[in-house]
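The values are calculated or read from the model by the stated rules, or taken from the named source; none is laboratory data. This structure is a prediction, so every number in the text was calculated from the model and none was measured. Backbone-built Cβ (ideal geometry, glycine too); neighbour counts: all protein chains shown.
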Amino acid sequence: MTLSPTTSAGLDLVLFHAGGLTCAVEASLVVALRDARTAPPAIALAELLDLAPASPIAPPSQARRLCVRQGHRERWLAIDEPVRHQHAPAAALYPLPPLVATRCRIRCVRALAWLRAHDAESLAILLDPRHLPERAIRSGKPLV
Amino acid sequence: MTQTDTDQLAEILARRHRTELDADADAAIVDVETPTTQLVLFAVGDSLFAFPGTSILEILPWARIYPIPGCPPSLEGVLHLRGEIVSVVRLGDLLDRGHAEPDRKTAILLGQGAGLRSGLHVDRVLDVLELASTGIQPPPTTLAESLRRLATGVFHYRDQPVILLDLDRLFTDYLRDPS
């Protein structure tokens, strides 16, 4: 049996890095993934989420551009490698803890996923691209 | 050294021994009629605080905390605890106290109050003790405004004042805080 992107058994996710954190979006909301040289200009997702650069010593490459579906339009975002596709079983998906759900001011932070990859488990922040901020929180930089 | 000296020392030592036994006996006397409260005593910075034991489900060692974008600095992030994702609050930020750099003494109290549960970052856990309710005094009026609402009492532990906190109020206030 082949799993559709969204089934009762879980979700297919596209995982990537932004500002040193592991983030994810539903695979069904991803339109394209391109190299930075061949994709339209895009605002860094880390900037939209008010995250610090991954490391001050080695700045993130933001070598990838991810195009996500946002309602009727598509939006390009600069993200960091590595990018991978992974199925997350339902048991690996968690709602935001109550304090986070109440105090988090970024609406696109939707859920959390606890995933195993390369013999290690780690947390991914599941983002809803439909609710991404229009502008960078700190700089107010508009969407490119 | 004379025999008299030896006897005198023996007598002093015996007297000291009796005094210690008496002190221990006095300390061991508990009025069974006096209700006691279990408290989890901890430090944040240089200050001592306590929560009622009924509010604390578990004392956890320091663990990896994953920050969540969009949360205030006082909401440090989340951790994975045996199949559950739990938020972690920097308790010092809520009590106007600075935290020490995390080390092996740093701990996370898993607290439950106001219908929710969350981790609470503390600098070290000092004791879990039973205290007679009569040993807890009302909070002094000189207490800082930020603590007055959260404090339900004060007691002394090794000559240091300890502020007893209400976790229900702490969580309720934190949920309402618009900052």
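General observations
- Taking first residues from region A:89-110 that are at the interface with chain B (Cβ under 7 Å from one of its Cβ atoms) and closer than 14 Å to B:R117 by Cβ and partners that are assigned to a loop (DSSP other than H, G, I, E, B) and modelled with pLDDT of 95 or more, the Cβ contacts under 7 Å between residues at least 6 apart in sequence or on separate chains come to A:V100/B:I68; A:V100/B:C71.
- Region B:1-58, residues that are among the hydroxyl-bearing types (S, T, Y) and either loosely packed, with under 12 Cβ neighbours inside 10 Å or at pLDDT below 55 (or both): B:T2, B:T4, B:T6, B:T19, B:T34
- Where a residue in region A:14-31 is in contact (Cβ under 8 Å) with a residue 12 or more places away in the chain and its partner, wherever it lies, is crowded, with 20+ Cβ neighbours inside 10 Å and polar (S, T, N, Q), with Cβ under 9 Å and at least six apart: A:A18/A:Q62
- Taken over region B:84-99, the residue count meeting the criterion of being surrounded by 15 or more Cβ atoms within 10 Å (Cβ to Cβ) and away from chain A (no Cβ under 13 Å) is 4.
- Considering region B:133-149, and only residues there that are exposed (fewer than 14 other Cβ atoms within 10 Å of the Cβ) and touching a residue at least 40 places away in the same chain (Cβ under 8 Å), the residue that is nearest to the other protein chains (Cβ to nearest Cβ) turns out to be B:S146.
- Condition check for B:V154: within 30 Å of A:A18 (Cα to Cα) and of a type in the set (A, V, I, L, M, F, W, C): no
- For region A:64-94, the candidate set comprises residues that are within 19 Å of A:A124 (Cβ to Cβ) and among the acidic types (D, E); within that set, the residue that is surrounded by the fewest Cβ atoms within 10 Å (Cβ to Cβ) is A:E81.
- When region B:61-83 is limited to residues that are part of a strand (DSSP E or B) and within 8 Å of chain A (Cβ to nearest Cβ), the one that is surrounded by the most Cβ atoms within 10 Å (Cβ to Cβ) turns out to be B:V78.
- Take the conditions (1) more than 20 Å from B:R176 (Cβ to Cβ); (2) not in a strand (DSSP E or B); B:L109 misses just one of them, which is (2).
- Summed over region A:116-126, the residues that are among the hydrophobic types (A, V, I, L, M, F, W, C) and either buried (at least 21 other Cβ atoms within 10 Å of the Cβ) or at the interface with another protein chain (Cβ under 9 Å from one of its Cβ atoms) (or both) give a count of 4.
- Any hit, region B:155-176, residues being charged (D, E, K, R), assigned to a loop (DSSP other than H, G, I, E, B), more than 14 Å from chain A (Cβ to nearest Cβ) and over 16 Å from B:L94 (Cβ atoms): yes
- Some residue of region B:44-56 being among the polar types (S, T, N, Q), touching a Lys or Arg at 6+ places or on another chain (Cβ under 9 Å) and over 30 Å from A:L45 (Cα atoms): yes
- Set A:L51, A:L45: member being closer than 15 Å to A:A124 by Cβ and at pLDDT below 90: A:L51
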